[in-house]
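The values are calculated or read from the model by the stated rules, or taken from the named source; none is laboratory data. Quantities reported herein were computed from a predicted structural model and do not represent experimental measurements. Glycine gets a Cβ as well: all are built from the backbone with ideal geometry, and neighbour counts include every protein chain shown. Protein only, heavy atoms only, side chains kept; ligands, DNA and RNA dropped before computing areas. Shrake-Rupley method; radii C 1.70, N 1.55, O 1.52, S 1.80 Å.
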Amino acid sequence: MLEALPFPAVLIDQNALVESSNAGAAALLGPGLQGRSFDLFIRQPALLAAIASARAGGEPEPVSLPGDPPFLVHVRRSKSGVLVMWQDQSEADALGRMRRDFVANVSHELRTPLTSLMGFVETLQGVAGDDPAARGRFLSIMDREARRMNRLIGDLLSLSTVEANERVRPRDPIALATLVQTVLQRMTPQSHGGRLVTDLAEIPEIPGDADQLGQAIANLVENALRYGKRGGDVIIKLGEIDDPILMRRVAALSVEDQGDGIPAHHIPRLTERFYRVDNHRSRELGGTGLGLAIVKHIITRHRGRLKIESQPQKGSVFTILLPLS
Ligand SMILES: Nc1ncnc2c1ncn2[C@@H]1O[C@H](COP(=O)(O)OP(=O)(O)OP(=O)(O)O)[C@@H](O)[C@H]1O
Ligand SMILES: [Mg+2]
């Protein structure tokens, strides 16, 4: 019976002896448990107290045991004795930590522009309010900060929308070349001084979600313009290849810039939420650090992958690989 449980478990009989146990319990507590008294191998006072309480007819709360891995131990009364089950908490702890980090990050990202806004409101309520030149300058800073908060909230909302639908693979037929052109028309490279150069092959339509793929492409092109070389070209290529990792024929859409590139140790972390290589520069340029996290989720939903290659001083290539059918 206990053998079927996916975690360590022992059953203790009326005489305080181990009646049965599983392989998980042997790995955790050592071999030869059967027929021995449980207090020979369970030593934690909190757990002993819970077992004593269950043996006396009580219903003890689960016992949390720190360690590596941390366990939450459930102690239950059964007909023939007391059942003790060790539930591995590593994953739950990691999830909890991620959630807390995320909330802390969001709060921090919102508080910075908000603090600045409040500061300027206060300044304008004072003597500076009567000085038209100062007023104009402060209002334009306030406008910028308000827009940053607005963008951050927009990004958070699209991240949660994409995440919520991640398991549902989108299936509208998408002509990627046309989609790329539509997206590029909406962008304004002039302000960055760079040119957008395209090399788009005719490839079969792929199953996808046009809005999301458009958003992913726009994010990559925006990054290339933002972090690429001033006045340098951004090259967008579309073709089809055999991908050894996805092990199938895929559409390959790459966005290449001639910027400073990204040091190798940052690359695996770029798609984490709020991760920025150069915090100051990204913020200065209006970045929220959520762009690539959104791109990654969109591509995952499409069962594809994102490849990032970068050479310091030469530039970066971000490639979206999407299954062709
Ligand atoms: N083409 C690139 N060249 C160099 N660094 C890049 C490039 N693309 C992204 N990065 C680095 O990766 C970080 C994360 O990018 P991401 O798009 O997730 O956030 P962001 O651009 O800062 O903000 P957002 O896209 O939300 O406005 C950036 O801050 C930047 O440091
Ligand atoms: Mg970005």
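Here is how the numbers come out for the structure above:
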item	result
Per residue solvent-accessible surface (Å²) - segment 220-288, probe of 1.4 Å	52 Å²
Set of lysines with alpha-carbon distance to Lys314 below 25 Å, sequence-local pairs under 8 removed	Lys229, Lys237, Lys296
Reach of Lys79 by Cα under 18 Å, taken over aspartates and glutamates that are not fewer than 8 positions away in the same chain	Asp13, Glu19, Glu59
Cα-projected label distance for Ala27 with Glu59, points at 7 Å along beta-carbon direction, nm	3.2 nm
The chain: DSSP helices with Cα axial extent of at least 18 Å and average Kyte-Doolittle hydropathy no lower than -0.5	90-125, 132-164, 210-227
Gain on full stretching of the segment that runs from Thr198 to Leu157 - 0.36 nm per residue minus C-alpha separation	11.7 nm
Mean ellipticity per residue at 222 nm, deg cm²/dmol - from DSSP H runs of n ≥ 4 across the chain, formula -39500 (n - 2.57)	-13500 deg cm²/dmol
Relative packing of peptides 255-264, 22-31 - highest average C-beta neighbours within 10 Å first	255-264, 22-31
Whole-percent carbon and sulfur share, accessible surface of the chain, 1.4 Å	54 percent
Difference of contour (0.36 nm per residue) and Cα-Cα distance, Leu246 to Thr123	38.6 nm
Added length on full extension, which subtracts the Cα-Cα distance from 0.36 nm per residue, Arg137 to His280	49.3 nm
Two-site label geometry, Arg36 and Asp88: point separation in nm, points 7 Å out along Cα→Cβ	2.3 nm
